[in-house]
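Below is one structure, written out as structure tokens; comments come after it.
The values are calculated or read from the model by the stated rules, or taken from the named source; none is laboratory data. None of the values given here were measured: they were computed from a predicted structure. Positions of Cβ are backbone-derived with ideal geometry, glycine not excepted, and every protein chain shown enters the neighbour counts. Keep in mind that these areas ignore ligands, DNA and RNA; they rest on the heavy atoms of the full protein, side chains included. Shrake-Rupley method; radii C 1.70, N 1.55, O 1.52, S 1.80 Å.
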Amino acid sequence: MHEGLSPEAEQLYLAMLRGANSEPGAAQEELVRLGLIRNGVARPPRSALAAIASSHEAAAVRARETAELLAAAYAEHGAKEVDFVELLKGADEVISAFEEMQSQAKTEIRALDPGSYLSPQPEASPAQPPALARGVGYRVVYESALLQSELGFASVQESIAVGEQARAFPGVPLKLVIADSDRALIAVPTVTGGNVVALLIHPSVLLSALIELFEAFWRMAVSITPGSQEAGDEEPTTVTRRLMALLSAGLTDESIARELGVSERTVHRRVSRLQQLLGAQTRFQLGVQASRRGWL
């Protein structure tokens, strides 16, 4: 799966749009492979963006299917019969295990958060600030829908303010917490509701699979920046859609500014804002994120 252009390839592509010749090398090979150069001529990137966006969607489907298969397999096998899996019952026991994992973590906490099963909003953990103060890193992928409410958005922003790295993705399939690479906690609601059970996973093939599952969602998720609603309700505006269409057509900033009737500085500013909003480090990544969201 392609996650975007390398900086060298992107610089070469932009240079070719300005009239420079394609130089042989790894960057040129990358552009040819992605369909951005044909017969030495720069091509509009729309089809390449669509292909990459489709690969992201396919990866998301595979990740969700993996999560469902893991849950079904271990539910059928019976957690009590496996020595590397502990069954936790009741909210108090689950919360206690979650707090203990954070207090004992040495390097990193990774989590998928579809929202609390006992509360409709994500809740800040009191164990997080002390862990961050010890140098423990936090990476969390939140369900995008959680950020559409004021309470959910405020809670996530509170965590970001104390040092958490947060991203968002639609359809996070399960509640998962991983402490270092030593333990993982999977929480699920009971059939009758009103309570929660969890599996505490110790080092095993299952733990390794859960780590890979988290990393897959982390790669696909969009960064949440301090103070900015994740892909907020205001986007995409008509102006944003037109700007993204012009970018995907391969126009230069000068041409885009002329088409939109604004200055090149305004184009730079709008593109930078969209990159920050969608967590894209380059313009090509911006196009991929925008295409995946249906903005193109």
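At a glance:
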| item | result |
| --- | --- |
| Peptides ranked, highest mean first, by Cβ atoms within 10 Å: ranges 88-98, 17-27 | 88-98, 17-27 |
| The range 148-178-the range 242-295 distance, computed between alpha-carbon centres (Å) | 26 |
| Largest to smallest accessible area among H268, H202 [probe 1.4 Å] | H268, H202 |
| Solvent-accessible surface ranking, highest first, for V140, V239 at 1.4 angstrom | V239, V140 |
| Accessible surface of E254 - all protein chains present, 1.4 Å probe, nearest 10 Å² | 110 |
| Label zone at E8 (point 7 Å along Cα-to-Cβ), backbone N below 18 Å, the range 27-41 | 27-37 |
| Nitroxide proxy distance, nm - points 7 Å out along Cα→Cβ at E254 and D182 | 5.9 |
| Amide H within-cut-off set for E108, under 5 Å, with H built and near neighbours excluded | G137, D180 |
| Highest-first arrangement of 31-44, 154-167, where packing means the average Cβ count within 10 Å | 154-167, 31-44 |
